[in-house]
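Below: the structure, in structure tokens.
The values are calculated or read from the model by the stated rules, or taken from the named source; none is laboratory data. What you see is a predicted model, and the numbers here were worked out from it, not measured in a lab. Positions of Cβ are generated from backbone atoms using ideal geometry, with glycine treated the same way; all protein chains shown enter the neighbour counts.
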Amino acid sequence: MSLKQAFQIIRLLGLPAAARTKRRLDKALPYVRGYTVCSCVWALLETGTLDRLLEADTASVEALAEEGGLQRHVLDSILDYLDGLSLIRVEGGEVRALPKLRRLMAEPRGFFELTYAYEPIFHRLRDLLCGKASYPDDVDRLGKYVGRGSGQLCLSLPYPVLVDMLRRHGARVVLDLGCGDLAFLLYLCEAIPEIRAVGIDIDGPTVEYAREVLAAVRFGDRIEVHEADMFDLAAIAAAHPEIDAVTAVDTYHEYLSEGEEKVVGLVKQLRSAFPKALLYVGEFCKQPHEKLRRHPTAFLEHHLFHDLTNQTIANADRWRAMFAAADLEVLEEKVFDIVGHGYFVLR
């Protein structure tokens, strides 16, 4: 805005009112912009355009539209917006990802993907609020992105912590509960060459996808995947009596809405089915709201996501009490309040 235009606004509104209006708009902008940027990134992510853009030094806008079957006007609008924020640069019909976007789509990418998993919930938030819809009967999460986002985020701390525990306690054959797309087992087998693993998941299509993933992995012969219910593992136990470690990463909290007895019963069953195995647990630990009010970390969003989808998060003391109720001894624990996550080795 030119100086002349600024003076015109000041004459019309007065200096205090003009300054106040600008200040308030500046304060509101990050909230509005955050929603808008996420929506644009999610659209590019879901159509595959984002990865095509990240994989190339530069890409033709026309080619991106044709390859993705995209409406050119809408694509141009999104790209122009992201160009204005210096996330990408569009010049002469070509587009390239700038360092800012590449950094966001590196380690923090999982945060974008996990948040996108809850986009249907927020799309119908008014209906949920007014009782016109309920979870999960009328609206559900995007399961694909729950797995992808969680797996990406776990690379930063949960997987390294659990792998360190497994290594130090001498694990050799690992059973992973709710293995999903094998993100954890792939990380584990890459880190510890002598380890073997069995992954189970109750979702058939997920298991089929996991087997496709294994076919392209050089150490895929050290991992096997089965469709199975973690509440009924008699067949797995009979086929693999050598299992000496059972892992569960952000798995048990999914059942807490049914009562703590559900989780206590599950870990009791696991101890009975695999008497020689140690149980390795990585779980969310609920942060006190007063603490989040003082330091509103990403766990503020995390707690909201879980509350809206009827998922219960326990604090570290409640996890310890559940393990004690199952007559399990805590051999080792690491609780990181800063990230709201705890890790336990149980016997």
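A few points about this structure:
- Only one entry of Arg126, Arg141 meets the criterion of being more than 23 Å from Leu85 (Cα to Cα), surrounded by fewer than 19 Cβ atoms within 10 Å (Cβ to Cβ) and among the basic types (Lys, Arg), and that entry is Arg126.
- Among the residues of segment 133-155, those identified as among the polar types (S, T, N, Q) and at pLDDT below 95 are Ser150, Gln152.
- Among the candidates Val41, Val32, Val74, residue that is in contact (Cβ under 8 Å) with a residue 60 or more places away in the chain, in a helix (DSSP H, G or I) and under 27 Å from Leu142 (Cβ atoms): Val41
- Count of segment 336-347 residues which are surrounded by fewer than 16 Cβ atoms within 10 Å (Cβ to Cβ) and within 16 Å of Ala248 (Cα to Cα): 1
- Leu82 meets each of the listed conditions (1) touching a Leu at 6+ places or on another chain (Cβ under 7 Å); (2) in contact (Cβ under 8 Å) with a residue 40 or more places away in the chain; (3) crowded, with 19+ Cβ neighbours inside 10 Å apart from (1).
- Entry remark, segment 44-71: residues being part of a loop (DSSP other than H, G, I, E, B) and surrounded by fewer than 17 Cβ atoms within 10 Å (Cβ to Cβ) number 7 in total.
- None of Val246, Val264 is in contact with a Phe, Trp or Tyr (Cβ under 8 Å, 6 or more places away or on another chain) and at pLDDT 95 or above except Val246.
- Residue list for segment 304-335, restricted to those being within 29 Å of Asp137 (Cα to Cα), crowded, with 18+ Cβ neighbours inside 10 Å and touching a Lys or Arg at 6+ places or on another chain (Cβ under 7 Å): Thr309, Ile313, Ala314
- Qualifying residue in segment 10-27 (condition: within 30 Å of the chain's Cα centre (by Cα) and either assigned to a helix (DSSP H, G or I) or over 21 Å from Thr115 (Cα atoms) (or both)): yes
- Checked against (1) part of a helix (DSSP H, G or I); (2) within 26 Å of Leu114 (Cα to Cα); (3) charged (D, E, K, R), Arg96 passes all but a single condition, namely (1).
- Residues satisfying the stated conditions in segment 6-30, i.e. surrounded by fewer than 10 Cβ atoms within 10 Å (Cβ to Cβ) and either over 28 Å from Leu85 (Cβ atoms) or outside the structural domain of Leu85 (by TED's automatic domain parsing) (or both): Leu12, Pro16
- Of all the residues in segment 85-95, those that are among the acidic types (Asp, Glu) and surrounded by 14 or more Cβ atoms within 10 Å (Cβ to Cβ) number 1.
- Condition met for Val95 (in contact with a Lys or Arg (Cβ under 8 Å, 6 or more places away or on another chain) and β-branched (Val, Ile, Thr)): yes
- Residue in segment 119-130 that is within 26 Å of Leu304 (Cβ to Cβ), touching a strand residue (DSSP E or B) at 6+ places or on another chain (Cβ under 8 Å) and modelled with pLDDT of 95 or more present: no
- Total residues in segment 106-135, condition part of a loop (DSSP other than H, G, I, E, B) and in contact with a helix residue (DSSP H, G or I) (Cβ under 6 Å, 6 or more places away or on another chain): 2
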